[in-house]
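The values are calculated or read from the model by the stated rules, or taken from the named source; none is laboratory data. Quantities reported herein were computed from a predicted structural model and do not represent experimental measurements. Here Cβ is always computed from backbone atoms with ideal geometry, including for glycine, and neighbour counts include all displayed protein chains.
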Amino acid sequence: MKKGLPHGFKAKSERLSESLRKDLGLSPTNPLLAEDLAEKLEINIFTLKDFAAPSEISIIRKSPYSFSALTLKNHQGKTVILHNEYHSKGRQQSNLMHELAHILCKHPLPEPEHLNGFPFPLRSYNQNHEKEAETLGGILQVTRKGLLWALNKKMSEADIAEYFTATKDMIRFRLNTSGVRRQLKKKAKIKSR
């Protein structure tokens with residue numbers, strides 16, 4: 001059953017993102033790289049090259065629905081992330097932040113499913129967990145304060161994406177879900193009175 005985000009989830013996510021940045025010596029307006037956050041959380045990140053044969057990588061790269069990232073437990077029971085290093089840098093950051101968000105939300109890892117011909121196990125899809133990871137992952141990548149800062153500096157979506165090592169799609173997602181545009185319009189109306 002699909003439901004909305006838990007009450008207060010976005011605000012809690014913003015606080016968490018700012019707190020994690022502070023722990024790493026960053027301000028809310030600084031970019032946070034997924035690799036730095038993973039290191040802080042003691043999560044190892046691996047790439048396709050670490051696990052797959054060239055022939056398997058070739059199959060994955062040709063797919064229009066190319067593998068992005070996956071959280072799993074290694075043989076020692078430690079949580080690790082496997083991701084597709086062939087995506088753009090911005091997309092890789094988004095993929096990794098999404099997986100780190102699952103970890104931070106303490107979402108249980110479903111039993112892996114092995115599909116015939118696919119070299120990696122896949123997991124079942126929990127809509128509620130995915131919505132939470134999508135939201136928190138985006139906030140980890142670009143805080144609301146970071147968006148406000150960038151818009152006040154008259155940065156374009158492309159400039160914001162480059163600054164935060166994000167995709168333009170991620171910046172649009174954050175702009176559309178954070179309410180910053182409404183806030184700035186309201187502020188502009190008040191100033192024009």
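Within the range 69-90, the residues that satisfy the criterion of being of a type outside the set (S, T, N, Q), in contact (Cβ under 8 Å) with a residue 12 or more places away in the chain and farther than 22 Å from P54 by Cα are K73, K78, G90.
Among the residues of the range 71-93, those identified as surrounded by 13 or more Cβ atoms within 10 Å (Cβ to Cβ) and either touching an Asp or Glu at 6+ places or on another chain (Cβ under 8 Å) or of a type in the set (S, T, Y) (or both) are T71, T79, I81, L82, H83, Y86, Q92.
Which members of the range 59-69 meet the condition of being assigned to a helix (DSSP H, G or I) and surrounded by 11 or more Cβ atoms within 10 Å (Cβ to Cβ)?
Answer for the range 59-69, where residues must be assigned to a helix (DSSP H, G or I) and surrounded by 11 or more Cβ atoms within 10 Å (Cβ to Cβ): I59, I60, R61.
For the range 143-160, a residue qualifies if it is touching a residue at least 12 places away in the same chain (Cβ under 8 Å) and either under 13 Å from the mean Cα position of the chain (by Cα) or in a loop (DSSP other than H, G, I, E, B) (or both), and exactly one does: T143. Residues in the range 39-52 that are part of a strand (DSSP E or B) and hydrophobic (A, V, I, L, M, F, W, C) were compared, and the one that is modelled with the lowest pLDDT is F46.
Results for (1) at pLDDT below 95; (2) farther than 27 Å from G146 by Cβ; (3) surrounded by 13 or more Cβ atoms within 10 Å (Cβ to Cβ), shown as yes or no for each residue.
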residue	(1), (2), (3)
S17	no, no, yes
D23	no, no, no
L26	no, no, yes
A34	no, no, yes
L37	no, no, yes
P54	yes, yes, no
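I190: buried (at least 19 other Cβ atoms within 10 Å of the Cβ) and assigned to a helix (DSSP H, G or I), yes or no? The answer is no for I190.
Just one of the listed residues (L96, L72, L100) is modelled with pLDDT of 75 or more, outside any helix (DSSP H, G or I) and closer than 27 Å to D36 by Cβ, namely L72.
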